[in-house]
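The values are calculated or read from the model by the stated rules, or taken from the named source; none is laboratory data. As the structure is a computational prediction, the values presented were derived from the model and not from experiment. Methodologically, a virtual Cβ is constructed for each residue, glycine included, from the backbone with ideal geometry; neighbour enumeration extends over all protein chains shown.
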Amino acid sequence: MRNLQIMPTLSSPDPVPESPVFWDRYKKEIFAVIIIAVLALAAFAGYRLYMDRRANAAAEMLGSAKTAAEFQKVISEYPGTAAGASAYLFLASAQKNEKKFAEANTTLQTFLDKNPKHEMAGTARLAMAANLESLGKKDEALATYQRLVTSEPKSFAAPIALVSQIHLLKEKNQIEEARRVCETVMTQYRDSASASEATMQLRSLKPSNEPAPPAIQPTVAAPPAPALTASPGVSLQPAAPPAPAPKAPQPSAAPPKKP
């Protein structure tokens, strides 16, 4: 008889459970996960619907607001919305129109505290600096413009803040610094609308080392000649011109010789 060799067969150490057994064992957990996912989707959809309606209502109220009190109402009733954030800027503008510059800056600072990354943050800082100028706080206004350029050099507000510094520097007689600011705008922000303004300002600046024009001395009129008064024994007639000097005698001509 031939020797039969039996080859060993590979068997999986972890048998795959049959589908009915797996379903029966984990169907409660599967149902729980499905229910949670459905509830989460429903909650998210409901939240989005609520936020959309709230944002629309806030935008509608902001669109109809005209006074400072109405802007304040939008802020109070719809915090956290885009319209609520914009209402701060409208409120500050209304306060500025009423010459309430300090209150306007308080409103703008609140806006920046609540919305530090807002796209209109640079505009708010520009408005704060302008209000400081209106209050006569020129040094604080200049510092605010400079901080804006340092913190947001790539923003659209940066070249505007630079140009706004020029007249303040001229008032402080810092001509070279004003010249440097003009050149910065012309080189780093040449494509902005502020570049043409910087060019005009630069042409009007004179170097600080240019000698001052000489002061015009006032002309003093010569004193009038004293009047002649007649004194006893003194004649007022002009003196006679001096007599001409006597002419030297001319030598007589020699008589002609006889031939």
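Quick look at the numbers
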read-out: Members of region 165-196 found to be within 23 Å of Lys154 (Cβ to Cβ), of a type in the set (A, V, I, L, M, F, W, C) and touching a Pro at 6+ places or on another chain (Cβ under 9 Å), listed by number; value: Val185, Ala193, Ala195
read-out: Given (1) touching a His at 6+ places or on another chain (Cβ under 9 Å); (2) surrounded by fewer than 21 Cβ atoms within 10 Å (Cβ to Cβ); (3) not basic (Lys, Arg), number of the condition Phe111 does not satisfy; value: (2)
read-out: Within region 138-178, tally of residues that are assigned to a helix (DSSP H, G or I), hydroxyl-bearing (Ser, Thr, Tyr) and surrounded by 16 or more Cβ atoms within 10 Å (Cβ to Cβ); value: 3
read-out: The listed residue being at pLDDT below 95 and within 29 Å of the chain's Cα centre (by Cα), out of Ala92, Ala87, Ala82; value: Ala82
read-out: Matching entry among Glu133, Glu60, Glu103 (being among the acidic types (Asp, Glu) and under 20 Å from the mean Cα position of the chain (by Cα)); value: Glu133
read-out: Any chance Arg125 is within 27 Å of Ile75 (Cα to Cα), basic (Lys, Arg), under 11 Å from the mean Cα position of the chain (by Cα) and in a helix (DSSP H, G or I); value: yes
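To keep it simple, each residue is scored yes or no on (1) out of contact with any helix residue (DSSP H, G or I) (no Cβ under 8 Å at 6 or more places or on another chain); (2) modelled with pLDDT of 90 or more; (3) within 23 Å of Lys138 (Cβ to Cβ); (4) crowded, with 17+ Cβ neighbours inside 10 Å.
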| site | (1), (2), (3), (4) |
| --- | --- |
| Glu183 | no, yes, yes, no |
| Arg190 | yes, yes, no, no |
| Glu197 | no, yes, yes, yes |
| Ser204 | yes, no, yes, no |
| Pro207 | no, no, no, no |
